[in-house]
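K.L.:
First, the structure itself, so that you have it in front of you.
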Amino acid sequence: MLRIAPTIALVLIIIYAVPFLVYALFSIVADLKPPGDASPALFLTSVFVSKLGTALAFVLIFYIARGSLSEQWLVYALLWWVMFVVGEIGQAIGPNYTWKEAIAGMVSETIYVPLAAYVTNWFLGVERR
């Protein structure tokens, strides 16, 4: 129980930092532009709040079902990854979101979801005796 808060913090760092790196690379390689209708501080704050919600759900769902998920953390990651990738596709189909942004998001998620699941399992998984 004492490991929940540090796990949430680590997952939050992972899912907040990885997209920064990926989007920075995409801005250089694919000329990806930052959103222009909000200040950088407001944009980063909104992303942080969104990622905080994701980190809370990601860790707490795993914690509640850790008896089943500990040995299947990669399957857990795959389910989250599918959800995120389908969400990126849905956003790209709609207005105000480009395929460049969607692809950058998919790359980010391909990196951070299994990493977050591994860290979560490492901290909260059921110990094997």
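K.L.:
Only one residue in VAL86, VAL18, VAL82, VAL49 is surrounded by 14 or more Cβ atoms within 10 Å (Cβ to Cβ), of a type in the set (Val, Ile, Thr) and part of a helix (DSSP H, G or I), so which one is that?
P.N.:
It is VAL18.
K.L.:
Okay, moving on. Just to be sure before I move on: is SER39 among the hydroxyl-bearing types (Ser, Thr, Tyr), surrounded by fewer than 12 Cβ atoms within 10 Å (Cβ to Cβ) and modelled with pLDDT under 95 in the structure I sent?
P.N.:
yes
K.L.:
Hey, among ALA55, ALA102, ALA77, which residue is in contact with a Leu (Cβ under 6 Å, 6 or more places away or on another chain), surrounded by 14 or more Cβ atoms within 10 Å (Cβ to Cβ), of a type outside the set (Val, Ile, Thr) and assigned to a helix (DSSP H, G or I)?
P.N.:
None of the other options fit; the residue is ALA55.
K.L.:
Given LEU74, LEU60, LEU21, LEU42, which one is more than 16 Å from the chain's Cα centre (by Cα) and of a type outside the set (Gly, Ala, Ser)?
P.N.:
Going through LEU74, LEU60, LEU21, LEU42 in turn, just one is more than 16 Å from the chain's Cα centre (by Cα) and of a type outside the set (Gly, Ala, Ser): LEU42.
K.L.:
Yes or no: VAL126 of a type outside the set (Gly, Ala, Ser) and part of a helix (DSSP H, G or I)? Reasoning before the result, please.
P.N.:
Details: of a type outside the set (Gly, Ala, Ser): yes; part of a helix (DSSP H, G or I): no.
Judged against the criteria, VAL126 is not a match.
K.L.:
Which of (1) of a type outside the set (D, E, K, R); (2) exposed (fewer than 12 other Cβ atoms within 10 Å of the Cβ); (3) touching a helix residue (DSSP H, G or I) at 6+ places or on another chain (Cβ under 9 Å) does PHE26 not meet, given it meets every other one?
P.N.:
Just one mismatch for PHE26, condition (2).
The values are calculated or read from the model by the stated rules, or taken from the named source; none is laboratory data. Predicted model only: the values in this text are computed from it and were never measured. All Cβ positions, glycine included, derive from the backbone under ideal geometry; neighbour counts span all protein chains shown.
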